[in-house]
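Engineer: Just passing along the structure, written as structure tokens.
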């Protein structure tokens with residue numbers, strides 16, 4: 001499978017645009033809170049676990065999409081509350097990964 005970073009960025013931007021529209025136009029999506037989404041998130045993670053156990057990679061990819069949806073959904077709620085946004089979430093993660101892997105990202109040898 002050929003990796004195309006530009007297509008990946010476009011796909012992620014498309015997801016963010018869809019979430020913006022859902023929060024603006026869909027009554028169910030608009031009324032969701034972090035607390036109301038929590039049980040669904042837990043269920044989606046279990047479904048991902050089941051898909052991994054099944055070994056069916058297409059199903060794993062679909063379930064990863066469901067988990068990603070929840071990350072984007074929570075991030076959108078944070079943004080609407082004026083707290084953080086998906087950029088913040090991603091940068092927090094990137095900073096954590098770099099911090100936890102000095103042997104990869106540091107100019108000094110560990």
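Throughout, read-outs are computed from the coordinates displayed, never taken from laboratory work. What you see is a predicted model, and the numbers here were worked out from it, not measured in a lab. We place every Cβ from the backbone using ideal geometry, glycine too, and count neighbours over all the protein chains shown.
Engineer: Sort the following peptides by mean Cβ neighbour count (other Cβ atoms within 10 Å, averaged over residues), highest first: 67-73, 46-52, 79-85, 2-8. Numbers along the way, then the final one.
Structural biologist: Working: 67-73: 16.3, 46-52: 14.6, 79-85: 12.3, 2-8: 7.7.
In decreasing order of mean packing, 67-73, 46-52, 79-85, 2-8 become 67-73, 46-52, 79-85, 2-8.
Engineer: Could I have the simple spin-label model distance between residue 61 and residue 93, label points 7 Å from Cα toward Cβ, reported in nm to one decimal?
Structural biologist: Going from the residue 61 label point to the residue 93 one covers 1.9 nm.
Engineer: Still on this structure, I have one more. Note the angle between two axes, namely the Cα long axis of helix 5-25 and the longest principal axis of the Cα atoms of the chain, as a number of degrees from 0 to 90, rounded to the nearest 10.
Structural biologist: 30
Engineer: If you line up the long axis of helix 57-80 against the longest principal axis of the chain, both from Cα atoms, how many degrees apart are they, to the nearest 10?
Structural biologist: 70
Engineer: Measure nothing but the geometry: give the 0 to 90° angle between the long axis through the Cα atoms of 86-100 and the longest principal axis through the Cα atoms of the chain, rounded to 10°.
Structural biologist: 30
Engineer: Does anything in the range 59-75 have its amide N under 16 Å from the 7 Å Cα→Cβ label point of residue 85, and if so which residues?
Structural biologist: Once the point is set 7 Å along Cα→Cβ of residue 85, 72-75 turn out to lie under 16 Å by backbone N, inside the range 59-75.
Engineer: Given springs between every Cα pair under 10 Å in a Gaussian network model of the chain, which of 14, 23, 38 has the largest fluctuation?
Structural biologist: 14
Engineer: Would you work out the relative contact order for the chain, in percent, from Cα pairs under 8 angstrom that are 6 or more residues apart?
Structural biologist: For the chain, the relative contact order is 17 percent.
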